[in-house]
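These notes concern the structure reproduced below.
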Amino acid sequence: MQSAVFAADGSSAAIGIITVAIMLLCGFALTRLTKLLKLPNVTAYIITGILIGPYCLNLVPEIVKDYTEFLPDVALAFIAFSTGQFFRINALKGNGFKVLIITVLEACVASLFVFIASYFVLKMDLAFSTVLAALASATAPASTMMTIRQTGAKGDFVNTLLQVVALDDVVGLIAYSVAISLALASGISGTFDFQSIVLPLIINLASFVIGGALGFILKVLLPPERSKDNRLILSVAVLFGFCGVCQIMGVSPLLGCMFMSTVYINITDDDKLFKQLNNFSPPFLLLFFVRSGVCFDLGSLLKNSNSGATSLLTLGFFYFLVRIAGKYTGAFLGCLITHKNKLVRNYLGLALIPQAGVAIGLAELGARTLGGITGNALRTVILASSVLYELIGPACAKLSLSLSHSYDNKNFETPEIENSNNDEEKSIVNLLIERIREIQNELPEHNNNHNTNGNLTAAPQTQQVRRILHQNNIHYH
């Protein structure tokens, strides 16, 4: 209906532009409500997509959904690239092995719980249960990171969480590659050969290597003297280009983008680029989550899966609950084995509940690979459960940050844009400090004068420092 109205009044370009504006404005507007409820912005974006989707207001034409199929890949690229910055070699030397143990346990236990529930309890077929279990291992770094950015949380809990979430998706990608190969080998595609098992692993490894090589190329393209605008242009061009290559290869860009930023941060120690991309990416992430809500097919939940007699609604409900239990149990056991402190051990599992971007992207890839009713069932279950996870997951992540004393509740009202402004102010102060030191080095050492009472008067460099601070509207006490 809405599509016909747009087509009568303007071109297809107008349809896309106006719809994107509606998605951005509605997503922002609903964050005003979730802010009052102290819920993360990601929750607002998912709800917005459902409200403006075909089952409510129907404000998004079908043609726009088709033209924005690139959004999941772009969003995954930004998400993965921003996550890779936390894999500094120096930081991983002291905590890396512990994080690896926690990650493997929380991912594998969640997959094990889902496989048992779907195959032994709900009597789904082996191939479908294997792929669904593999997808259960993935967590949503986007919603988790946006919650951390929104609250300004810091500390050991946050550092452990970010590293676990990043490594979690590496485990998820590997698990998916193995699971889809086993599913194909079991007869869904009618083929069973060595190539069907090894080829997906080789392709993912190739994307990993290409991403690492691009990390070195970024260093060459982004020298410190290059302007901020050009640094942003070149980095976005590299990310978009890599997304296109991954699309051609039929793999997720997550693993390669993550390794790209890991290589870049370790060879340059340049965190300014990540701040720039964090300021540039919010509109893409908003559109991605809103589109996920728009694509939610409510009617298909009432249909039975071709993989068993269980309805998709029942399957989705079991998947939703069992995965939460698996994530919490695995995280608790991992922290217990690695002797993490009580706050991390008790609340890390709560922060691993969100599941959206990576799982949805892999579900789309799995649906195309499996095809037919089985593929549609996989997509529906993951998307439906992801909507629920994004409704409660970010709130649980925020609760875990609060219970672990990782942020001050009074600071939660500060919007994200203010955080970026604070970063800019800090960088200005750092530049001023450097300039002050230069001035002090240039002036002679005997500039301090004594008054007749023997008291020190303000030195010339102090007066110049105060003048610089005043010119930059920074109060001096």
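Values for this structure:
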{"read-out": "Cβ-based net charge around Leu383, under 10 Å, with every Lys or Arg adding one and every Asp or Glu removing one", "value": "-1"}
{"read-out": "The stretch 312-320 - phi-based ³J(HN,Hα) in whole Hz, Karplus 6.51/-1.76/1.60, Gly and Pro as x", "value": "5, 5, 5, 4, x, 5, 5, 4, 4"}
{"read-out": "Proximal charge balance of Val104 [Cβ under 15 Å; K/R count +1, D/E count -1]", "value": "0"}
{"read-out": "Accessible area of Tyr67 in the full protein assembly, 1.4 Å probe (Å², nearest 10)", "value": "150 Å²"}
{"read-out": "Projected-area mean, the stretch 217-260, by convex hull of Cα positions, square nanometres", "value": "3.1 nm²"}
{"read-out": "Quotient of Cα Rg and 2.2 N^0.38 Å for the stretch 272-411, N being how many residues it contains", "value": "1.23"}
{"read-out": "Accessible area of Glu62 in the full protein assembly, 1.4 Å probe (Å², nearest 10)", "value": "110 Å²"}
{"read-out": "Surface accessible to a 1.4 Å probe, Ile217 within the full protein complex, Å²", "value": "80 Å²"}
{"read-out": "Net charge, Leu333 excluded, C-beta distance under 12 Å - Lys, Arg +1, Asp, Glu -1", "value": "+2"}
{"read-out": "Cα-based Kirkwood hydrodynamic radius, the stretch 345-391, one decimal, Å", "value": "11.3 Å"}
{"read-out": "Whole-number D in µm² s⁻¹ for the stretch 9-132, Kirkwood Cα-pair radius fed into Stokes-Einstein, 10 °C, 1.306 mPa s", "value": "84 µm²/s"}
{"read-out": "Extended-chain gain in nm, criterion 0.36 nm per residue less alpha-carbon gap, Val178 and Asp271", "value": "30.0 nm"}
{"read-out": "The stretch 192-267: relative contact order in percent, alpha carbon pairs under 8 Å with at least 6 residues between", "value": "50 percent"}
{"read-out": "Whether the stretch 244-327 is rounded, prolate or oblate, judged on the alpha carbon gyration tensor where a/c under 1.5 counts as rounded", "value": "prolate"}
{"read-out": "Sequence of Met249, Met260, Met145 when ordered by accessible area, the most exposed leading, probe 1.4 angstrom", "value": "Met249, Met145, Met260"}
{"read-out": "Fully extended contour minus Cα-Cα distance, from Leu57 to Phe284, at 0.36 nm per residue", "value": "79.5 nm"}
{"read-out": "Where Cys243, Cys295 fall by accessible area, highest first, once all protein chains stay in place (1.4 Å)", "value": "Cys295, Cys243"}
{"read-out": "Exposure rank, largest accessible area first [Ile50, Ile265; 1.4 Å]", "value": "Ile50, Ile265"}
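The values are calculated or read from the model by the stated rules, or taken from the named source; none is laboratory data. If you're wondering where the values come from, they're calculated on a predicted model, not measured in any experiment. In this analysis, Cβ positions are derived from the backbone assuming ideal geometry, glycine residues included, and neighbour counts consider all displayed protein chains. For accessibility, only protein heavy atoms count, side chains too; no ligands or nucleic acids. Shrake-Rupley method; radii C 1.70, N 1.55, O 1.52, S 1.80 Å.
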